[in-house]
Each structure stands twice: as structure tokens, then as C-alpha cells.
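Worksheet for the structure shown next.
Values in this text are rule-based calculations from the coordinates and carry no lab data. As the structure is a computational prediction, the values presented were derived from the model and not from experiment. Cβ atoms come from the backbone with ideal geometry, glycine included; neighbour counts cover every protein chain shown.
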């Protein structure tokens, strides 16, 4: 049996137990006798109002709730030890923090009645998961101090009471108090000031669409940032913030960035977050992060990253997230893969169609290499479910390849039409929603393809293909057989290069999206004897050749 003791201490009840568990903290109650019974309000947080002091780390975290039911208490996620000065519709309230949640209680409200809650929190300088999650200050490449406050998926509770579910879209207002020398950026429409900076997101009047907490709950500052307008295109003013030693913008072609913005808005619609899009260089763990209208890029770009032009690729990837991940968000943590796959694939399409020769080929080579070592499926079905930090790096390569392989089977226009349909409206979408959108666009049942490549538990099997040729005159018959230990058949259309001494030809071996047989074949013309064959010379499918030694990827996934 646990033994409990309670002590009154400066406006808090400390309720402790003899087992050494973290004490529950309860603020002083201001209720009348009729409010002693806790009746939970169920509802969604629709707006956040966050006032933050950059020097002290203190925040007044406010939020508005759409109350579906009446009651006198509301719970929100919180990964901090306590709150102070809680209010409930402007009046003093009680607050209890336990089990990663804050329960705020006040006078009873009816269903659909307005409910605004505020609570004071102090954010420690601390990061989590070896990422930039939390509150941190790092030295930038020019010797200044870059300060970052960010939550990521499931992490907004490190910054204050919130709903961390990635499917929730909300509006935001940020007010940051800071030293006059600081340059502060935050998501949405930016109003800079000397000593105070404000941002509004999803609040009408040009402040853009709603957004999830995992991307919108973020602030950044650096006293050495210099603002430089870069280009205007598709109704968007692109602005860079870099320290004096930063080189991201100087290695980018304004005409190509403008061309990309024109292309992506033509595909997905007008830019969803106002008329200004800011990119800031900083010492970050990720190559980039998609905060709405306020993208943070690794300061070392374009000299970090696995792509031929990693600066341009990261810029495109994070910009695509403004539609795919921000305006349209993921339905659950396990659906994380579709937003990364979509951002990677659309960046690749632009590389393939409008960027320098070879750029898209390098992207394919990188994806196909890292896909061989993926430890999880794009949409894991493991029980228990893996934590995001354990599987998110496994989605970048296989996610891009998922689309490219579909491109080979269905054609690029059908794939792009499916993505366009999928991202037409704001809201939360799952990987299965993506499958259905692609089916509607292509007129093809894609369940077998997704069940083979996308959904699954454990480490994905790398398909193994045995290649055989027979030649009569100048006709070469190419036969490919899937030899997989699981006996699973993978939908794909493979390119097999058949080489002679001086010439070659490519056979397209089509298994279809739902292979009826483990064997498929094609015939090509080659005017000399076959010397050898090459599996997927353009790296457009994941697989290995039977009998060939298993080769581990020479690169590891880069987080975007």
C-alpha cells in the first residue's frame, strides 16, 4: 500500500507518496462549494496565444477551447513540472499537473460556451531525443547565439499546455519579448519590433491557414541574422535571414526558386500562409523544418546533405510541406510517412523536369540505397506501435521510392493527380486516404501495392529478383522471377539493362500493381551477344539481384 502525505507550500499542495514518485502539484483553489466536483469539459483547442520572454524562458501560454460538453475542468498535454497563475475565462483557476497533463479548473461552463485558459510556465534550456525539440541556444557559424523553441510531433507539451495530436489544426498568436538586438522569427504573418516581435497564423486578414502544433509551435532568434529579399513569384515574397557567414541564398538561383514556386502553386494551389515566405539559416539537427511561412534551414547548406544540390532540395522539400504536412496534416503519428514521401517525391519531380541534368538521378540513387536498410515500413503496423523517433528516418528513401515505383506503373500524370486530389482540402489525412486518392486518379486498385510496400510490421523485406536471358538472333528474352523468403509478390515495373560488348538495350519487365505470378518477362532487340545484365540502372525500384552479395547502404538517411 502507498502512503501519502500532503504539505501546503506557498500556494501549492504538494501531494507525495512514499514510493518516490514525482509529486503531484495542485495550485490553490478559488472555487465555491458548488465547484468541488470535477466535471471535465470535452473539446478541442482551436487557438493558442503564447507570450514568451526570450531572456527568462517564461511563457504565458493561453488557449481557446471549443467546448463540446459543459463542465468545470479541462485537461491539456504538458511535459513540464508545473504551472503558475492559471486562469479560466479571466478568473483565477486551480491547476494540477500529473502524468504529462495539466488539468485546469474553474467555474462551470455550458456546452458551446467560450472557454479561454491561460497558465504560466518556465521553459528550461533542454532538448530531447538528440534533436532540436525543446528550448536551446547554439553558436551559429558567425559566432552569434541562435535560440530555438520548438515542439515537433508530440512535443508541444515541452513548451506549455497543448493538444499534441498531429491531426489537430489551430490558429496561433505569438508575442516574444526580447533584447533590442535580437532578430526574432515565428510562424505566420510577422510583425517585428524593437524588444517585441509578434506573429499571427490562421487568424484571418492574410495570416494564412490553420496549422498543427508540431510545426507551428516554434520561435527562433539570432542577433546576427540579416534580412535579404530574394525573389517574388506566385504571389509570394521570398526573404532570407542569414548570418554574415551564411551561404544558402548565395548558392541558390532566384529564377529556379521562382520557377519552383510557380510550379508547386500551379499543382497544389496558392501558397497557404500569406504573402511572405521566410527561410532562415541556423545550426540545426535537421536539414530543414517546415514551420508555416518561417522555414528553418541548416546553416551548412548546400554543403551538407546527400543531394546534388542539397540547398535547393531542402528548400523545395520544406516548402512542399506548407501544403503537405502543415495545411493538410497527418491523421496520426504512424501516418508521418506520407508527408515526407510527398515532399521528397514532388521535389524530385521538379528536379527531373526543370533542374540541371543529373540532379534527379542523384536523388534516386540516394533513396534506393537507404531503402535497403530501412528498419520499418512507411506506415508501420507493429503492435505495440514504434515511437516516432525510432522509425521516422526510415520513411524518406522508401517513401520517395513508393511514388517513383507507382510512376513506372501508372504514369507520372496519374500520380500527380492523386497527390493533388489528396491535398486539395485542409484537414487530417492518413496513408490509406492517400491510397484512395491515387486509386481515384488512376482508376486502379492499389491495395495490393500498398499492402506489399507500404503497410507492415517489423523490418521490410528487400525484394529479390532472379534475372535470366535467352537470345535468338537479335531478340533477347528477359525473364525476371521474384524469389522472396516470405513468398510475397511486389508490384513493380523493372528496368533491366541488357548489355552486349558495345551496345545495350533496356527491357521493361512489368509485374503490375498486383502480380498474379512471381515471374514476368519482356523481349528487347540487341544486335550482338548478351554479355551481362544490370538491375535497375536508373535506380527506380527497390530490390536486389538473386545470388548477388547483400550490400549495405554507403550513406545513412538525412533528416528533413
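Couple of notes before you dig in:
- Ordering of 210-221, 456-467, 520-531 by packing [mean C-beta count within 10 Å, highest first]: 210-221, 456-467, 520-531
- The stretch 345-421 versus the stretch 489-560: alpha-carbon centroid distance in Å: 18
- Each Cα pair under 8 Å and six or more residues apart adds its sequence gap; the mean of these over the residue count of the stretch 126-302 is a relative contact order of 21 percent.
- Ranked packing of 60-67, 279-286, 333-340, most packed first, by mean Cβ within 10 Å: 333-340, 279-286, 60-67
- For the stretch 126-302, the orientation-averaged shadow of the C-alpha convex hull comes to 9.9 nm² (one quarter of the hull surface).
- Only helical runs count toward this figure. For the chain, summing -39,500 (n - 2.57) over DSSP H runs of n ≥ 4 and dividing by all residues gives -6000 deg cm²/dmol at 222 nm.
- Remark: the residue 508-residue 389 segment gains 39.0 nm on full extension, using 0.36 nm per residue and subtracting the alpha carbon distance.
- Placing R0 at 41 angstrom, the Cβ-Cβ distance between residue 523 and residue 440 gives a FRET efficiency of 0.75 after rounding to 0.05.
- Length-normalised contact order of the chain in % [C-alpha pairs under 8 Å, at least 6 apart]: 9
- Normalised contact order of the stretch 464-545, rounded percent, pairs of Cα under 8 Å and 6 or more residues apart: 36
- Computed across the chain, the Kirkwood hydrodynamic radius from all distinct Cα-Cα pairs reaches 25.6 Å.
- Per-peptide packing, taken as the mean over residues of other Cβ atoms within 10 Å, places 163-169, 395-401 in the sequence 395-401, 163-169 from highest down.
- For the pair residue 332 and residue 226, label points projected 7 Å from Cα toward Cβ lie 5.0 nm apart.
- In nm, spacing of pseudo-spin labels at residue 53 and residue 181 (7 Å Cα→C-beta vector): 2.0
- Here r is the Cβ-Cβ distance between residue 101 and residue 381 and R0 is 25 Å; the resulting FRET efficiency, rounded to 0.05, is 0.35.
- The convex hull drawn around the Cα atoms of the stretch 320-436, when projected onto a plane and averaged over every direction, covers 7.3 nm².
- For the chain, the longest principal axis of the alpha carbon atoms and the long axis of helix 254-268 meet at an angle near 80°.
- Degrees between helix 431-442 axis and first principal axis of the chain (Cα, 0 to 90, nearest 10): 50
- Computed from the Kirkwood radius of its Cα pairs, the Stokes-Einstein diffusion coefficient for the stretch 234-377 at 20 °C and 1.002 mPa s stands at 137 µm²/s.
- In this simple spin-label approximation, residue 253 and residue 447 carry label points 7 Å from Cα along the Cα→Cβ vector, and these lie 4.6 nm apart.
- For the stretch 464-545, average projected area of the Cα convex hull in nm²: 5.0
- Theoretical gain in end-to-end length, residue 127 to residue 477 [0.36 nm per residue, Cα-Cα removed]: 120.2 nm
- For the stretch 145-203, the calculated P(r), taken from all Cα-Cα distances in 10 Å bins from zero up to the bin holding the longest distance, is 21, 47, 28, 4 percent.
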